[in-house]
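**Q** Here it is, the structure, as structure tokens.
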Amino acid sequence: MNKLLIPCVYLKNNNLIKGFSDDTVISRDPVSYCVSLSVNGADAILLFDLSEGDEEHEEALLIVRAVTRAIDTPVYGAGNINRLEDVKKLLYAGCRRVALNMAKQTNIDLIEEAGKRFSTGKIYVCADSLEQILDNLKVIKDNTSGAVLLGRLFVDSFEEIPVIPLINDDKDIEIIRKNCVCGLSGDVVNSRSDDLYSFKDELESDGVSTCLGRTAVAFSDLKCDENGLVPVVCQDAATSEVLMVAYMNLEAYDRTVREGIMTYYSRSRKCLWRKGDTSGHYQYVRELLADCDNDTLLAKVVQIGNACHTGSHSCFFNEIIRKDAGIPNPYTVLEDVMNVILDRRDNPKDGSYTNYLFDKGIDKILKKVGEEATEIVIAAKNPEKEEIKYEIADLLYHIMVLMAVKGLTWDDVMEELANR
């Protein structure tokens, strides 16, 4: 099992503080801080929301959402969870997992419901005593992925479920060898957060397997040009859009494999550059492939922000030739229609039905969504499928107008569907 290194972050009053009992502010920019953790080797980030009251909690959720959009590293949400709705909000904010604090009986009562509603893979528990685990062991095993242990606790004699202990002393690092320990968190990780890759090197040299990137394909297996460079075509892993073309040398290749973030060699500046270190627009590697001749690489990435220095998502926007085949691309048609709706919102056009809906406001849009949904029900009772096809298209259009009003994108919706 590869062991995860998971920095622990405490969010309070929209700032990052040192810990549960220490309100010392360590960062007033939580998003940038979490980005730095991500690109410095964090395998996940454990984010505790220590807000008080609903208003402060809603502000904290906005920060959580901003964090999950700025990085591809998994975020585990914890803290200020009192009902199933709070679990849902953290997951909708982009958290890959949510940890229920077992110090609250209400959260213990939520474990089974949350596991069934959102799947066991998305639920953890937080425990600060052996009794909390043992008294609820079956429901935890049946409905969660494991436990975050608030301290070293009982790990030495416990193998029942996967655990992530928060440890604060280097002498306890040896605990990572336990079979039940799937990751480490706490001060022992946070203190090394400037370079967790080196910490992983230490663990690897001591026989502990980590999530450092590995490949059986050495750079020497590739065919370089006379300058020792290989061209890299970079592609959006979600949309297959070609984003940019750059080059790698040996060092850039090894660093990309090791860190999982695209690093290139700049021919003009004659130095390495990790994409995003200046702009914040990092590229997290999903796949790295060589072509049939081993002389060109294809990188499929999660692109944060835009790939092009001009602000365009892709560097390829200067149109030279276009032949309209008259065949809509089923993978882009929803996004294309959404772009037209957004353009109508931002640049109103006389006589546009879309602008009529925007002008009438949210109540009119909701009324139309309801009407179109009802028409689908009626059409579905008829034997012909053509009518229901038209009604589904009408509903999707009005839903997209609603999405535009509420600031949602298809990426938001598809991400939620993928996480179900």
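**Q** Cβ-Cβ under 6 Å, sequence separation 6+ or interchain: first residue in the stretch 220-231 and over 12 Å from ASP293 (Cα atoms), partner part of a loop (DSSP other than H, G, I, E, B). Which pairs?
**A** Hits for this filter: GLY228/ASN249; LEU229/ASN249; PRO231/THR296.
**Q** Could you identify the single residue in LEU37, LEU11, LEU4 that is touching a residue at least 12 places away in the same chain (Cβ under 8 Å), assigned to a strand (DSSP E or B) and either basic (Lys, Arg) or more than 18 Å from SER145 (Cβ to Cβ) (or both)?
**A** That would be LEU11, the only listed residue that is touching a residue at least 12 places away in the same chain (Cβ under 8 Å), assigned to a strand (DSSP E or B) and either basic (Lys, Arg) or more than 18 Å from SER145 (Cβ to Cβ) (or both).
**Q** Continuing with this model, one more query. Determine which member of the set VAL245, VAL230 is open to solvent by 60 Å² or more (accessible area, probe 1.4 Å), aliphatic (A, V, I, L, M) and more than 23 Å from CYS34 (Cα to Cα).
**A** Result: VAL245 is the single residue among VAL245, VAL230 that is open to solvent by 60 Å² or more (accessible area, probe 1.4 Å), aliphatic (A, V, I, L, M) and more than 23 Å from CYS34 (Cα to Cα).
**Q** Just one of (1) charged (D, E, K, R); (2) at pLDDT 95 or above; (3) open to solvent by 40 Å² or more (accessible area, probe 1.4 Å) trips up ASP72, so point out which.
**A** Condition (3) is where ASP72 drops out.
**Q** Further question: Look at VAL232 and say whether it is touching a Pro at 6+ places or on another chain (Cβ under 9 Å) and not basic (Lys, Arg).
**A** no
**Q** Let me ask something additional. Between residues in the stretch 264-287 that are closer than 16 Å to SER32 by Cβ and residues that are open to solvent by 30 Å² or more (accessible area, probe 1.4 Å), which pairs lie under 6 Å by C-beta distance while being six or more apart or on different chains?
**A** Partner pairs satisfying both residue conditions: HIS281/GLY305; HIS281/ASN306.
**Q** If I go through the stretch 263-277 residue by residue, how many of them are within 19 Å of ASP295 (Cβ to Cβ) and either surrounded by fewer than 18 Cβ atoms within 10 Å (Cβ to Cβ) or within 26 Å of the chain's Cα centre (by Cα) (or both)?
**A** Of all residues in the stretch 263-277, those within 19 Å of ASP295 (Cβ to Cβ) come to 264-265, 267.
Cutting the leftovers down to either surrounded by fewer than 18 Cβ atoms within 10 Å (Cβ to Cβ) or within 26 Å of the chain's Cα centre (by Cα) (or both) gives us 264, 267.
Of the residues in the stretch 263-277, 2 are within 19 Å of ASP295 (Cβ to Cβ) and either surrounded by fewer than 18 Cβ atoms within 10 Å (Cβ to Cβ) or within 26 Å of the chain's Cα centre (by Cα) (or both).
**Q** Next question, about the same structure. Which is surrounded by fewer than 16 Cβ atoms within 10 Å (Cβ to Cβ), at pLDDT 90 or above, within 24 Å of ALA238 (Cβ to Cβ) and polar (S, T, N, Q), of ASN347, ASN329, ASN318?
**A** One residue alone meets the criteria, ASN318.
**Q** Assess whether SER220 counts as being more than 26 Å from the chain's Cα centre (by Cα) and not in a loop (DSSP other than H, G, I, E, B).
**A** Yes.
**Q** Identify the residue in the stretch 24-34 that is over 18 Å from SER279 (Cβ atoms) and not in a helix (DSSP H, G or I) and, among all such residues, is least open to solvent (accessible area, probe 1.4 Å).
**A** For the stretch 24-34, the residue satisfying everything is SER27.
**Q** Pairs under 9 Å by beta carbon, first residue without any contact (Cβ under 8 Å) to a residue 12 or more places away in the chain in the stretch 388-405, partner surrounded by 19 or more Cβ atoms within 10 Å (Cβ to Cβ) and small (Gly, Ala, Ser), six or more apart or different chains?
**A** Every condition considered, no pair remains.
**Q** Tally time: how many residues in the stretch 138-167 are outside any helix (DSSP H, G or I) and surrounded by 17 or more Cβ atoms within 10 Å (Cβ to Cβ)?
**A** Matching residues across the stretch 138-167 total 15.
**Q** Among the residues of the stretch 40-60, what is the count of those that are surrounded by fewer than 22 Cβ atoms within 10 Å (Cβ to Cβ) and in a helix (DSSP H, G or I)?
**A** 6
**Q** Related question: Could you tell me which numbered condition ARG344 fails, if it satisfies all but one of (1) closer than 30 Å to VAL35 by Cβ; (2) among the charged types (D, E, K, R); (3) touching a Ser or Thr at 6+ places or on another chain (Cβ under 9 Å)?
**A** (1)
**Q** May I ask you to list the residues in the stretch 84-127 that are among the small types (Gly, Ala, Ser) and assigned to a strand (DSSP E or B)?
**A** ALA99, ALA127
**Q** Going through the stretch 194-212 one residue at a time, which ones are farther than 14 Å from LEU4 by Cβ and not in a helix (DSSP H, G or I)?
**A** Once the filter is applied, which keeps residues that are farther than 14 Å from LEU4 by Cβ and not in a helix (DSSP H, G or I), the stretch 194-212 yields ASP194, ASP195, ASP206, GLY207.
**Q** For the stretch 102-124, enumerate the residues that are open to solvent by 80 Å² or more (accessible area, probe 1.4 Å), over 21 Å from LEU150 (Cβ atoms) and not acidic (Asp, Glu).
**A** LYS116, ARG117
**Q** Using the structure shown, decide if ARG83 is at pLDDT 90 or above, among the basic types (Lys, Arg) and closer than 30 Å to ILE261 by Cα.
**A** Working: at pLDDT 90 or above: yes; among the basic types (Lys, Arg): yes; closer than 30 Å to ILE261 by Cα: no.
When the stated conditions are applied, ARG83 does not pass them.
The values are calculated or read from the model by the stated rules, or taken from the named source; none is laboratory data. These figures come from a predicted structure and were not determined experimentally. Here the Cβ is made from the backbone with ideal geometry for all residues, glycine too, and neighbour counts use every protein chain on show. These area figures cover heavy atoms from the full protein model, side chains too; ligands, DNA and RNA do not enter into them. Shrake-Rupley method; radii C 1.70, N 1.55, O 1.52, S 1.80 Å.
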